[in-house]
Amino acid sequence: MLHKYRWYEYVLIYAGLAVFLTFVLAPFVEAFVVSMRPLTSLFSIPYRFITDKMSFDAYFTMWENVPLLWMYMLNSFFIATAVTVLGLICIIPAAYAFARFEFPARNSLLGIFIAVNMFSGAVLIIPLFKLMQQYGLLNTYFAMIAPGTAFVIPTGIWLLRSYLVRIPKELEEAAWVDGAGKIYTLWRVIIPVALPGIVVVTITAFITAYAQQFIFALTFNSVNELNPLPVGLFQFFGRQNVVWNELMAASLVGILPVLFVYVFLQRYIVAGLTAGAVKE
Amino acid sequence: MAHTAKKRDYFPYLLLVPATLVMVAIVAYPLYETFRLSFTNTSMSPNFEYVGLDNYEKLMSRRFPEVIARTFYWMSLSVALKMLIGTLGAVLLNAMVPGRTLFRILVMPPWVIPIAIGVFIWGWMYNGQFGMISGLAQRVGILDAPFEFLAYKNSAFMATIVTDVWIGVPMVTLYLLASMQSISKDLYEAAWVDGASRFYRFRRITLPLIIPSIATMALLSAIATFNSFDIIWILTEGGPRGATTTMIIDTYKTAISRFKYGEGAARTVMIVLFLGSFMFVYFLLLSRLAKRSPNNAA
């Protein structure tokens, strides 16, 4: 058989996978173990993986020592959600235009949108900072939401466009023949049919927005109550005496929402990551 | 003629309005501003003067070419490792062994979580006194004393690369895995019937057919790596003694930490030139692949 392996091939494959997955997952295991250790055994030499008196204490004490932890998590969630919603408002019509209509300069316009992918927030941080300052937008949610939105749009358009291209044209032509307006057709015919594609784009945009809040919040925001989780915790990371077990506990609780989303929707996420690029 | 029958249709442009507005406000106008600022001595105060090419002349000093060289060294090493580990990972995950669905799910977490949070964890692991890496290395006998990875130039340089690779590998792996799975099974069966060994099949079927994907991914990965900010900023802030100061970090320090917006903008213009040339190569590659694809048996 084609896929029958000899015993030593099994050994090789599993050994390779073990090394590979150890590299990928070891930090998570270590973070979890650290969050369980009391500080005294955390700062003991020599290093031991399992120490005595392991407990979930840090998961309770962190709420007192990081009083704004709830706020950070809610802010992260709120900013990512706002970026995703604003992103979709831009992505859906644009992807529809690129997928369905012939118009002059269509391909070059699409190329320009894709080219935006080469920038990150870090490249444009100086003018953005000056603009936010000029319009009094520093230290607002807006300053953290608007730049993030721009950077989820190109990938979103690319992904959704390749999905929309595959929807049969007859569908909307039938609607037009029946006298439906073009916006009505997009809203009542295309969007319902394209829902699986939109789900992929939504998840990809949300994860990107959740992952990339750091630099905007670090640069545009100095009001602690508005900080998303990464910057909120960064303040504790920078201190002389980092309370590592609580920092790790807070980090793990903070990534729980996205891990949750990922585990249940991973099929869509992997599809979104790989679809557009491989097939085109 | 077709165009006489149809009246000019503005609808598609209408559909592009929201996306275009965001792009103009967040990308195009700031980009123009960057060029303008780069010819000024703008700083904290509201007054500024146009200083011609002064900011660019200052970049000619010895320090900045060093930053460029370091950026490319950092990027090349990181991308090379990502592609190597990602290809190996994809080959392993492509093997039809029990448990493969679970293994594929387990690859993604570093990409899914906020970058900054993953970096916090690495920050602890690099800790010399109590961190896992130094601790385990001492147990096994590789190190005989605690080693503070982020305190020395070379080790800090490598440490930031390892963390960057850790964050980038899941994406590369799954992308190449998808590319491998799109190869027709018939090819493998035909080769198998002819008695080709597994390694031979990999070298003569899999590898040639995924090379375009590897090239595409390497370019995308290079762009992302060039833009990398969070990892270095959190771990070392560009230190020790500038050892991990890439162009992005250098620009951020100049403009945001030292308020020299004009000089920072000149650095940004250099970054945009480099990124633009990467993007140019990327589009070139895509159009060449698009021309070739109809002949692809796969």
Within the range B:84-94, does at least one residue satisfy the condition of being in contact with a Ser or Thr (Cβ under 7 Å, 6 or more places away or on another chain) and closer than 30 Å to residue B:253 by Cα? no
Any residue at all in the range B:260-269 that's outside any helix (DSSP H, G or I), under 26 Å from residue B:126 (Cα atoms) and either in contact (Cβ under 8 Å) with a residue 12 or more places away in the chain or more than 12 Å from chain A (Cβ to nearest Cβ) (or both)? no
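Would you point out the residue of the range B:171-185, among those that are part of a loop (DSSP other than H, G, I, E, B) and more than 9 Å from chain A (Cβ to nearest Cβ), that is farthest from the chain's Cα centre (by Cα)?
Keep residues of the range B:171-185 that are part of a loop (DSSP other than H, G, I, E, B), which gives B:182-184.
From the residues that got through so far, the ones that are more than 9 Å from chain A (Cβ to nearest Cβ) too are B:183-184.
Details: B:183: 26, B:184: 30 Å.
Out of the qualifying residues, it is B:184.
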Hits in the range A:69-119 - residues which are crowded, with 21+ Cβ neighbours inside 10 Å, within 16 Å of residue A:147 (Cβ to Cβ) and not β-branched (Val, Ile, Thr): A:75, A:76, A:80, A:86, A:87, A:90, A:118, A:119
Does residue A:98 satisfy being part of a helix (DSSP H, G or I), touching a residue at least 12 places away in the same chain (Cβ under 8 Å) and either over 19 Å from the mean Cα position of the chain (by Cα) or more than 18 Å from residue A:141 (Cα to Cα) (or both)? yes
Those residues of the range B:11-61 which are more than 9 Å from chain A (Cβ to nearest Cβ) and of a type in the set (Ser, Thr, Tyr) amount to B:38, B:40, B:43, B:45, B:50, B:56, B:61
Per-region count, the range B:31-57, residues among the aliphatic types (A, V, I, L, M) and touching a Pro at 6+ places or on another chain (Cβ under 6 Å): 0
Residue B:87 meets each of (1) crowded, with 22+ Cβ neighbours inside 10 Å; (2) over 14 Å from the mean Cα position of the chain (by Cα) with one exception, condition (1)
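Which of the residues that make up the range B:117-142 are among the hydroxyl-bearing types (Ser, Thr, Tyr) and either out of contact with any Pro (no Cβ under 7 Å at 6 or more places or on another chain) or in a loop (DSSP other than H, G, I, E, B) (or both)?
Of the range B:117-142, the ones among the hydroxyl-bearing types (Ser, Thr, Tyr) are B:126, B:134.
If the condition is that a residue be among the hydroxyl-bearing types (Ser, Thr, Tyr) and either out of contact with any Pro (no Cβ under 7 Å at 6 or more places or on another chain) or in a loop (DSSP other than H, G, I, E, B) (or both), then B:126 is the only one that fits.
Of all residues in the range B:137-161, how many are within 27 Å of residue B:73 (Cα to Cα) and either touching a helix residue (DSSP H, G or I) at 6+ places or on another chain (Cβ under 6 Å) or in contact (Cβ under 8 Å) with a residue 24 or more places away in the chain (or both)?
First, pick out the residues of the range B:137-161 that are within 27 Å of residue B:73 (Cα to Cα): B:137, B:142-143, B:147-161.
After this cut, where a residue has to be either touching a helix residue (DSSP H, G or I) at 6+ places or on another chain (Cβ under 6 Å) or in contact (Cβ under 8 Å) with a residue 24 or more places away in the chain (or both) as well, the list is B:143, B:147, B:149-157, B:159-161.
Number satisfying all stated conditions: 14.
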Restrict the check to the range B:106-121 and report whether at least one residue is modelled with pLDDT under 85 and within 11 Å of chain A (Cβ to nearest Cβ). no
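The values are calculated or read from the model by the stated rules, or taken from the named source; none is laboratory data. This is a predicted model, so every value here is computed, not measured. As a convention, Cβ positions derive from the backbone with ideal geometry for all residues, glycine included, and neighbour counts pool all protein chains shown.
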